[in-house]
């Protein structure tokens, strides 16, 4: 057997084909005739029949492994919550899931969000106004400039814990709805 054939893996056969294989075996046909009739390898026919004799079914049995901590329904609810409020923290999501009756640690929650394509991102700090935008929309730019807290008006911590805002989002040019106003 060549190296390539040993490495290659086959796809799962449809359940209907497996049922036909077992039906032909029960009617008394041999492995050769079944494999020729269904155009499947003889070893595949043998493994299908062996599985049927052992487990009494041709269905795909559940794989081994630890069951998921979060149910599929709860995972969808977490994703909905994050899409509704991208600035929510994992600790708040954990509290939310505890209230819903499924308590778990932070790592399964972040794993569930990662599976859905949501990752922690830092919001951009760039003010979205250029000189051209200010000229085009003088009323809007004046309103935005009035909202900005200038450094002489207030005490702002530029570095440290509150210098960035984090939120969950997909890999994109980070949400224009979530920019931080520059100080």
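What follows is calculated from the coordinates using simple rules that are stated; it is not laboratory data. In this text, all values refer to a predicted model and were calculated from it rather than measured experimentally. Here the Cβ positions follow ideal geometry from the backbone for every residue, glycine too, while neighbour counts run over all protein chains shown.
Tabulated data
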read-out: Region 72-120 - Rg and Dmax from Cα coordinates, angstrom; value: 9.5, 25
read-out: Approximate spin-label separation residue 39-residue 19, in nm, with each point projected 7 Å along Cα-to-Cβ; value: 2.1 nm
read-out: Whole-Å semi-axes of region 37-109's equivalent ellipsoid (Cα gyration tensor); value: 44, 14, 9
